[in-house]
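One structure is given here, and the rest of the page talks about it.
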Amino acid sequence: MILGHAHPAVIDGITETAQKGVSFGAPCELEIDLAQMVIDMVPSIDVVRFVSSGSEATMSALRLARGFTGRDKFIKFDGGYHGHADGFLVKAGSGAATFGEPDSAGVPNDYAKLTLTAPFQDMDEVKRLFAANKGEIACIIVEPVPGNTGVMDLHSTGFLQQLRDICTEEGALLIFDEVMCGFRVSSGGAQQLFGITPDLTCLGKIIGGGLPVGAYGGREDIMRKISPDGPVYQAGTLSGNPLAMRAGLETLSRLQDEALYADLEVKSKRLFEGLLAGCKEAGVAATGNRFGSMFTIFFTDLEKVTCCSDVSGHCDLPFFGKFFNGMLDEGVYLAPSQYEAAFVSAAHTDEDIDNTIAAASRVLAKLTCMMMNLLASIKFNEAGLVPAIAQDAKSGRVLMMAWMNEEAVLETFNTGFAHYYSRSRQKQWKKGESSGHVQKVLDMYLDCDGDTILLKIEQTGAACHTNRESCFYREKRGDKWVEFEQPII
Ligand SMILES: Cc1ncc(COP(=O)(O)O)c(C=O)c1O
């Protein structure tokens, strides 16, 4: 909702239109007006067809690409979400990734085989797929600003341009799925922002001002293949209905004002940077990606998140859950998954932005403070190299093991991430770089609600891990590893 909820012009517009009839099952004048507006705003669209959802737009665009090229296979990217049509539910992002079902049940294998996938940024794999399926690939579909794995940057790496080039070379179509980023990252979408021209574009969300609308459009010679001009069939009883068209018109006409995007940019930058600063202040490792009013903060030690496996393999998903719930308690409703994007709307005020940053700082401080208290309760074993154990008083579960008497490393059982903390003898615990004999700690994780936390130390010549019942300390003596076991009390 780029204009915010219940924008008066949208509500008045649909109320007035509703008096004249809500659906005719035939084209109406408002549809033509909105079509012209979309053509004027989105650089690559010569002809546009309205449907009733983003899923319908992508599904129809894929059918058109297949019909136009006479080829069946297509490429999508791991974590890319293009709605719920069968062929797209292969390594899908968004809710499918969040709930661990990127390859949905119910999609016939024979159909899924036509979906080829590659990781974002992996041009070698895209080239390999084209070589291995010569003359069989109809199109590449990509979110030019991916938002369904969290926001990613495919532009500054040159990846999008490379996709454009290879599609042209191979006679395949390039489809930009701008259902999320269209009219969001600029008035002409990502293609305008980046200056890259796709063959087909899918639109949704903003285009309907909150009512069910989707659209696909592009080069005239391709679009003329759609029935009744051409042989590719697609139709919809409610497509282009007057209510949805009016809501779209009221919304898009307000997006012609570039000042609106300038204002969104300022507010979004302040919110994004404020949240990252809050993480830094609280000692929580985080990074992020942002395009205009669309961004994601990732809880990770990685400097940059560039592809889906960075999120699934390196982001602290349980911590995101705690942060999300903490923010909800503060009255701030964020997108409920690390695999999602946050959006700032024109209705958000400077005060909203300040309050959100302040709320995030309180939540982060609370989460990290709980951790510090936990660390302070550890009893250290005088014997030095033997790990000590702390238990959660409430659940009795093992919370952590401490290494030596100055250092500790934590690892959650469910994510496999470890957080390393250190303290000098009398001082406070602080999260830090590895020091002393602990030479390498790959990842850090903190968990404050009594979930099982396990220790794993990776160091040159020694390592320690636990299986909840025992702690194992391994030390390299000469050429041999010697393992010690200590039962958890
Ligand atoms: C990039 C993208 N494409 C397609 C869709 C599907 O749109 P809809 O939910 O309207 O069917 C979504 C929905 O989130 C999306 O983000």
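Readers should treat all values here as calculations from the given coordinates under stated rules, not as data from a laboratory. All values reported here derive from a predicted model rather than from experimental measurement. Note: ideal-geometry Cβ built from the backbone for every residue, glycine included; neighbour counts use all protein chains shown.
Here are the numbers:
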{"quantity": "For GLY214, distant residues with modelled amide H under 5 Å away", "calculated": "VAL51, SER52, SER53"}
{"quantity": "Total formal charge among the other residues, if their Cβ is under 13 angstrom from that of GLY135, Lys/Arg +1 and Asp/Glu -1", "calculated": "-1"}
{"quantity": "Region 8-254 - convex hull of the alpha-carbon atoms, volume per residue in Å³", "calculated": "123"}
{"quantity": "As computed over region 1-80, the Cα convex hull volume per residue (Å³)", "calculated": "156"}
{"quantity": "Sorted by Cβ neighbour density within 10 Å, fewest at the top, the residues TYR81, TYR111", "calculated": "TYR111, TYR81"}
{"quantity": "Links that overshoot a 29 Å alpha carbon limit, given the list LYS91/LYS267; LYS73/LYS322; LYS127/LYS322; LYS205/LYS267; LYS113/LYS322; LYS267/LYS304", "calculated": "LYS91/LYS267; LYS73/LYS322; LYS127/LYS322; LYS113/LYS322"}
{"quantity": "Estimated FRET transfer efficiency when R0 is 25 angstrom, pair PHE24-SER227 (beta carbons, to 0.05)", "calculated": "0.80"}
{"quantity": "Region 216-364: equivalent-ellipsoid semi-axes (sqrt of 5 x gyration tensor eigenvalues, Cα, Å)", "calculated": "37, 21, 15"}
{"quantity": "Dmax and Rg, reported as Rg then Dmax, of region 95-206 (C-alpha, Å)", "calculated": "14.5, 39"}
{"quantity": "Shape metrics for region 181-267, restricted to C-alpha atoms - Rg then Dmax, Å", "calculated": "14.8, 47"}
{"quantity": "Sequence-distant residues sharing a close amide H with ALA138 (under 5 Å, placed H)", "calculated": "ASP72, LYS73, PHE74"}
{"quantity": "Amide N of region 126-151 lying under 17 Å from the label point, which is placed 7 angstrom from the Cα of ASP165 along Cα→Cβ", "calculated": "126-131"}
